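One structure is given here, and the rest of the page talks about it.
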Amino acid sequence: MKTAKIIGIAAGILLMATPAIAQDSGEIGYAKGALGYDALIAGDNETALQQLEAAEKVDAQDPARLINLGQTYARLGRTGDAARMFMAAMQGNRNFDLLLANGKVVNSRDAADQALQNLNSQFAGR
């Protein structure tokens with residue numbers, strides 16, 4: 001039986017400028033900065049990348065980490081790395097529900113799939 005875990009994530013699927021739910025941080029259940037949430041919301045992609053890469057207490061295969069890392073890579077123009085992160089989140093052994101920056105709750109695999117589709121759409125539009 002799958003256990004649902006709701007966390008805050010700045011997956012940026014809808015590229016929200018501010019979180020829809022007011023709280024100290026969107027990293028519910030994680031140490032502040034572990035998912036680079038606040039940095040992503042602020043558009044500080046370099047800080048988000050540093051936080052995500054330094055998050056030793058977050059499993060490297062955690063879907064929330066992978067999606068946020070993919071989003072960060074996409075914003076930095078590293079589309080191949082971004083696609084790999086989204087694919088890893090979709091195909092990994094773990095999945096759970098995520099609370100997105102826009103307030104929607106979706107399964108991590110669906111969030112990663114949507115992020116990959118958005119990435120492909122942006123790339124095709126160039």
Quick one: residue 93 ticks every box in (1) among the polar types (S, T, N, Q); (2) farther than 25 Å from residue 123 by Cα; (3) part of a helix (DSSP H, G or I) bar one, so which box is it?
(3)
Is there any pair linking a residue in segment 96-109 that is more than 19 Å from residue 40 (Cα to Cα) and in contact (Cβ under 8 Å) with a residue 12 or more places away in the chain to one that is of a type in the set (S, T, N, Q) and in a strand (DSSP E or B), with Cβ under 7 Å and at least six apart or on different chains, and which?
97/107
Residue selected from segment 96-126 under the condition out of contact with any helix residue (DSSP H, G or I) (no Cβ under 7 Å at 6 or more places or on another chain) and part of a helix (DSSP H, G or I), by the criterion farthest from residue 68 (Cα to Cα)
124
Could you please find all residues in segment 28-42 being in contact (Cβ under 8 Å) with a residue 24 or more places away in the chain and surrounded by fewer than 20 Cβ atoms within 10 Å (Cβ to Cβ)?
28, 29, 31, 41
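Computed from the coordinates by the stated procedures, all read-outs in this text should not be read as laboratory data. Here the structure is a predicted model, which is why all the values come from computation and not from measurement. All Cβ positions, glycine included, derive from the backbone under ideal geometry; neighbour counts span all protein chains shown.
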